[in-house]
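First comes the structure, then the notes that go with it.
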Amino acid sequence: MPGLFGIDVVVLAGGLGTRIRGVLGDTPKVLAPINGRPFLDHLLDHLAGLGAGRAVLSLGVGAEQVTAHLDRHPPPLPVVPVVEPAPLGTGGALRHVLPRLTSDPVMVMNGDTWLETDFAAFLAEHRRAACPVSLLCVAVDDVSRYGQVELAEDGSVTRFAEKAPGRTGPGWINGGALLLSRPALDHLAAGSGPSLEQDFLGRLPPGWIHGWRAEGAAFIDIGTPDSLAEAGGVLPQGKTEA
């Protein structure tokens, strides 16, 4: 059953992709080829299958390549490309697309993250918890690359721990997907700062963020050469496009 029920999904895809530039060259990270198709095509097919209403693409470096690709390969759901006027960071990029968003809540996801989980349950838990923000959390064997999300028993997010060489081992991390209700979007619009996690999430009042533990989620972040190489074993197979 579709899990996103017509809501807007913002895909943050404006980053520089510096860690994998040696592999991709000038190709934007969101167009990285995986199993014969650009990552974006896999992602848009996935969102369409989940019943998302629209994908709002926040684009920056390489935006022309992305929009040209969409012109050649019409997507399976309505897509609204929004190009940032200058690098704004994740928080600034989301603030820039706010006027285009119409659903309540909206989902925000990283354009370099693949997630397979029960999004219907994520949305239902967001509504049950009645918090302005719900954060999809995934379990990893080593939190050192990502930073750690610390959760109370009731699911409240109590702390975002920064990446640190000494912070290793298993734990819960930000899986790269958020549900934001209108109070959270209004709070974001009134704020400033480039980082979604540090300048927005990290400064919200206590009790505003509910963490949903996505047990057994399929998760990969394609932002490094190693994880990009591993992504073919996680994402669907697909034929090579012209």
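For Leu43, indicate whether it is closer than 20 Å to Ala93 by Cα, among the aliphatic types (A, V, I, L, M), at pLDDT 95 or above and touching a strand residue (DSSP E or B) at 6+ places or on another chain (Cβ under 8 Å).
yes
Suppose we filter the stretch 61-87 for residues that are at pLDDT below 95 and either in contact with a helix residue (DSSP H, G or I) (Cβ under 7 Å, 6 or more places away or on another chain) or of a type in the set (D, E, K, R) (or both); how many remain?
Going through the stretch 61-87 one residue at a time, the tally reaches 0.
Restricting the search to the stretch 69-113, which residues are open to solvent by 60 Å² or more (accessible area, probe 1.4 Å) and among the acidic types (Asp, Glu)?
Across the stretch 69-113, the qualifying residues are Asp71, Asp104.
Need the failing condition index for Trp208 against (1) in contact with a helix residue (DSSP H, G or I) (Cβ under 8 Å, 6 or more places away or on another chain); (2) more than 20 Å from Asp112 (Cα to Cα); (3) open to solvent by less than 40 Å² (accessible area, probe 1.4 Å); (4) modelled with pLDDT of 95 or more, just the number.
With respect to (1) in contact with a helix residue (DSSP H, G or I) (Cβ under 8 Å, 6 or more places away or on another chain); (2) more than 20 Å from Asp112 (Cα to Cα); (3) open to solvent by less than 40 Å² (accessible area, probe 1.4 Å); (4) modelled with pLDDT of 95 or more, Trp208 is out only on (3).
Return the residues of the stretch 187-202 that are in a helix (DSSP H, G or I) and exposed (fewer than 13 other Cβ atoms within 10 Å of the Cβ); say none if nothing qualifies.
Of everything in the stretch 187-202, those that are in a helix (DSSP H, G or I) and exposed (fewer than 13 other Cβ atoms within 10 Å of the Cβ) turn out to be Ala189, Ala190.
Please verify whether Ser58 is in contact with a Ser or Thr (Cβ under 7 Å, 6 or more places away or on another chain) and touching a residue at least 12 places away in the same chain (Cβ under 8 Å), treating the condition exactly as stated. It would help to see each step written out before you state the result.
Numbers: in contact with a Ser or Thr (Cβ under 7 Å, 6 or more places away or on another chain): no; touching a residue at least 12 places away in the same chain (Cβ under 8 Å): yes.
Answer is no for this residue.
Return the residue satisfying two criteria in turn: it lies in the stretch 122-144 and is free of Cβ contacts under 8 Å to residues at least 40 places away in the same chain and assigned to a helix (DSSP H, G or I), and of such residues it is most open to solvent (accessible area, probe 1.4 Å).
Once the filter is applied, the top-ranked residue is Arg128.
Can you tell me which residue within the stretch 59-68, out of those that are among the aliphatic types (A, V, I, L, M) and open to solvent by 30 Å² or more (accessible area, probe 1.4 Å), is nearest to Asp41 (Cα to Cα)?
For the stretch 59-68, the residue satisfying everything is Ala68.
The values are calculated or read from the model by the stated rules, or taken from the named source; none is laboratory data. Predicted model, so just to flag it, every value in this text is computed and none were measured. FYI the Cβ positions are ideal-geometry reconstructions off the backbone, even for glycines, and counts take in every protein chain you see. The protein model used for the area step is the full one, side chains on, heavy atoms only, and it has no ligands, DNA or RNA in it. Shrake-Rupley method; radii C 1.70, N 1.55, O 1.52, S 1.80 Å.
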